[in-house]
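Everything below concerns the one structure shown next.
Here, each number is a calculation from the coordinates, and none is a lab measurement. Quick caveat: nothing in here was measured; it's all calculated off a predicted structure. So basically every Cβ, Gly included, is an ideal-geometry build from the backbone, and we count neighbours across all protein chains shown.
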Amino acid sequence: MAARVLVTYATRHGATKGIAQAVGSVLHSCGHQVRLLPAGVVTSADEYDVVVLGSAIYHDQWLWDGRRLAKRLRSLRGTPVWLFSSGPLGGTPEADAELERLCGLDTEPPWSVSTVLRGVDVRGHATFGGKLDPKVASGLDGYVHPGDWRDMAMVREWARTIGGGGVAAEPPREFPVPERGWGLSLGRV
């Protein structure tokens, strides 16, 4: 049965929107009715069977629009909610190792989101690498390097998990509320 799925995102430079578009495309190909919207324009998600919410992450924090929508989702008791964060960057051996450590299909959401989503039917959280445009990186004096570390094959794999049965089959998950911060030291996209 086709589910009505809201895929929504908070982005600063567009990289997280690209991930959301890939997720939406996979869910649509799985036969679901998908609506893709920026988190800042979503006022309610009551009409959807499933919500996928993602945000770029900067200095251990989701963007304001993503955090604000996460707070609104507290009213969605029983609606499956899937979360993703994007932003860890590579470019140096140390940054590449940190990227490998942080990214994955089953990661804990950042503390700023975990705290507001207690009691919500969160089915999972993934962390994907980010993208940094050379124009943006040029103002950072070499602190971070431009590049695209989004693993779109990983994004599509995660979306297939949601679309192929994860829409309703997975039981709700309780994520522990981590101590403040992830220990991320790189800029987020």
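Please report how far the C-alpha centroid of region 5-19 lies from that of region 97-123, rounded to the nearest whole angstrom.
16
Which residue, chosen from G91, V23, Q33, occupies the Cα position most advanced towards the positive end of the dipole of region 4-166, where the dipole is computed from +1 (Lys, Arg) and -1 (Asp, Glu) charges on Cβ about the Cα centre?
Farthest towards the positive pole: Q33.
At 0.36 nm per residue, minus the direct Cα-Cα distance, what do R160 and D46 gain on full extension? Give it in nm, one decimal, please.
This chain segment gains 38.7 nm when fully extended.
In debye, nearest 20: dipole of region 4-166 around its Cα centre with unit charges on the Cβ of K, R (+) and D, E (-)?
Here region 4-166 has a charge dipole of around 680 debye.
Please report W64, W111, W149, W158 as a ranked list, fewest other C-beta atoms within 10 angstrom at the top and most at the bottom.
W64, W111, W149, W158
Cut-off is 10 Å between beta-carbons; in what order do E100, E47, E108 appear when sorted fewest neighbours first?
Listing E100, E47, E108 from fewest to most nearby Cβ atoms yields E47, E100, E108.
Karplus couplings for region 53-63 from phi (6.51 cos²θ - 1.76 cosθ + 1.60, θ = phi - 60°), rounded to Hz, Gly and Pro as x?
Ordered by residue, 3J(HN,Hα) equals 10, x, 8, 5, 10, 10, 6, 6, 10, 5, 5 Hz.
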